[in-house]
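Below is one structure, written out as structure tokens; comments come after it.
The values are calculated or read from the model by the stated rules, or taken from the named source; none is laboratory data. Since the structure is predicted, the reported quantities are computational estimates derived from the model, not experimental observations. Here the Cβ positions follow ideal geometry from the backbone for every residue, glycine too, while neighbour counts run over all protein chains shown. Note: accessible area is taken over every heavy atom of the protein model, side chains too, but ligands, DNA and RNA are not part of it. Shrake-Rupley method; radii C 1.70, N 1.55, O 1.52, S 1.80 Å.
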Amino acid sequence: MAYALSILEKSPIAEGESAAQALARTRHLAQQAESWGYRRFWLAEHHNTPQLACPSPEVLIAYLLGQTSHIRIGSGGVMLQHYSAYKVAENFNLLAALAPGRVDLGVGKAPGGLPLATQALQAAHDRQRKPGFPEQLAQLTAHLNDDAQPGLSATPLPPQPAQRFLLGASEESARLAAEQGWAFVFAAHLNGNPQDIQRALAQYAALSGGRKALLAVAVIVAESAEQAATLAAGIQQYRVHVTGAQSVTVGSLEQAESFVQQAGATEYRIEPRESHILLGTARQVRQQLDQLQRQYAVDEFIIDTPIGEPAARLASLRLLAQENLTPA
């Protein structure tokens with residue numbers, strides 16, 4: 001097989017279920033992913049979202065490292081704009097010291113929630129002095145390299161540092177990843193526009209000395225193409241553009257309208273995102289992944305499975321693994 005598969009987990013809370021039950025299912029999925037042959041298991045960060053149970057990937061990473069034996073566990077990703085770069089470096093150096101060779105640090109610049117959550121997370125910031133994302137990433141890189149400032153280290157210094165990944169969906173993010181020496185993950189599950197993907201990956205390869213990016217994709221697999229289509233029905237993302245603010249992608253029109261309301265925006269635009277979900281039987285999805293691999297020359301896919309029903313979601317990832325990860 002020409003590429004590896006990894007999982008992006010959001011710890012969705014099913015109807016009538018508690019957060020504890022959702023997190024127990026995340027633990028089970030991580031253990032299954034390890035046995036099925038997935039390379040990585042990443043936790044997303046979402047705030048003030050009743051349908052999702054993980055606002056703190058680093059906490060859940062620590063737990064899952066103790067519940068698995070060899071699969072890499074990481075963040076997909078830490079929303080760096082909310083935090084001290086030094087503290088993020090401390091957290092992931094500690095995780096990497098606990099489980100050398102198994103920890104990934106993925107960071108992104110999205111807010112991971114709506115404006116009220118962002119305001120609460122950043123309430124202690126001096127907004128006039130708060131650095132922009134490129135400066136924060138440079139600070140984090142320096143702390144991880146242990147060369148930020150004489151006499152200052154993000155201890156403990158691990159024997160094998162966490163692998164570093166920048167998540168983004170633009171040429172700007174690709175360029176920043178290359179400049180800082182980070183691996184780049186294009187978030188095609190949020191922006192599947194082929195031209196945007198091609199330009200960003202070409203930019204990254206050109207500026208990083210030919211390094212290959214990873215590609216995050218939305219995937220739904222079922223026993224039949226009809227079942228997969230049924231599972232995908234009704235899934236719709238929206239892009240929210242607010243004048244003078246960062247644009248964001250959300251998972252429903254209700255969330256888009258809430259974002260605008262919480263931001264107090266008077267000038268805004270809400271656009272439905274074109275769906276780029278890979279769906280069908282395991283064989284059909286493998287063919288689609290093969291095509292993307294040939295098209296973009298990536299050697300690893302991060303799989304996001306946007307299915308709310310727990311059994312169907314587990315089955316989708318199992319079927320995909322059986323088709324793609326079972327030795328011939």
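Just to verify a result, which residue in the range 208-231, among those that are farther than 17 Å from Gly308 by Cβ, outside any loop (DSSP other than H, G, I, E, B) and touching a residue at least 24 places away in the same chain (Cβ under 8 Å), is most open to solvent (accessible area, probe 1.4 Å)? Reasoning before the result, please.
Going through the range 208-231, the residues farther than 17 Å from Gly308 by Cβ turn out to be 208-217, 223-226.
If we keep only those that are outside any loop (DSSP other than H, G, I, E, B) too, we end up with 214-217, 225-226.
Then drop every residue that is not touching a residue at least 24 places away in the same chain (Cβ under 8 Å), which leaves 214-217, 225.
Numbers: Leu214: 12, Leu215: 1, Ala216: 5, Val217: 8, Ala225: 35 Å².
For the range 208-231, the residue satisfying everything is Ala225.
Of all residues in the range 32-56, how many are in a loop (DSSP other than H, G, I, E, B) and of a type outside the set (Ser, Thr, Tyr)? First the steps, then the outcome.
First, pick out the residues of the range 32-56 that are in a loop (DSSP other than H, G, I, E, B): 37-39, 44-51, 53-56.
Now restrict to residues that are of a type outside the set (Ser, Thr, Tyr): 37, 39, 44-48, 50-51, 53-55.
Selection size over the range 32-56: 12.
Given the condition over 30 Å from Ala142 (Cβ atoms), touching a strand residue (DSSP E or B) at 6+ places or on another chain (Cβ under 9 Å) and not acidic (Asp, Glu), answer yes or no: does some residue in the range 53-63 qualify?
Yes - at least one qualifying residue is present in the range 53-63.
Filter the range 67-87 down to the residues that are in a helix (DSSP H, G or I) and either without any contact (Cβ under 8 Å) to a residue 24 or more places away in the chain or of a type in the set (A, V, I, L, M) (or both) and list them by number.
The answer is Leu80, Ala85, Lys87.
Go through the range 156-179 residue by residue and tally those that are touching an Asp or Glu at 6+ places or on another chain (Cβ under 7 Å) and farther than 30 Å from Gln246 by Cα.
1
For Leu65, indicate whether it is closer than 30 Å to Pro156 by Cβ and either out of contact with any helix residue (DSSP H, G or I) (no Cβ under 9 Å at 6 or more places or on another chain) or surrounded by fewer than 23 Cβ atoms within 10 Å (Cβ to Cβ) (or both).
yes
Pairs please, first residue from the range 25-40 and on the phi > 0 side of the Ramachandran plot, second anywhere and buried (at least 18 other Cβ atoms within 10 Å of the Cβ) and among the small types (Gly, Ala, Ser), Cβ atoms under 7 Å, 6+ apart in sequence or on different chains.
What qualifies is Gly37/Ala321.
Check the range 262-277 and report whether any residue there is modelled with pLDDT of 95 or more and either closer than 24 Å to Tyr3 by Cα or among the charged types (D, E, K, R) (or both).
yes
Let me confirm something: among Leu29, Leu23, Leu105, Leu95, which residue is open to solvent by 20 Å² or more (accessible area, probe 1.4 Å) and either in a helix (DSSP H, G or I) or assigned by the TED database to the domain that holds Asp290 (or both)?
Result: Leu23 is the single residue among Leu29, Leu23, Leu105, Leu95 that is open to solvent by 20 Å² or more (accessible area, probe 1.4 Å) and either in a helix (DSSP H, G or I) or assigned by the TED database to the domain that holds Asp290 (or both).
With the structure loaded, tell me whether Leu64 is touching a Lys or Arg at 6+ places or on another chain (Cβ under 7 Å), without any contact (Cβ under 8 Å) to a residue 40 or more places away in the chain and under 25 Å from Gln51 (Cα atoms) or whether it fails that test.
In short, yes.
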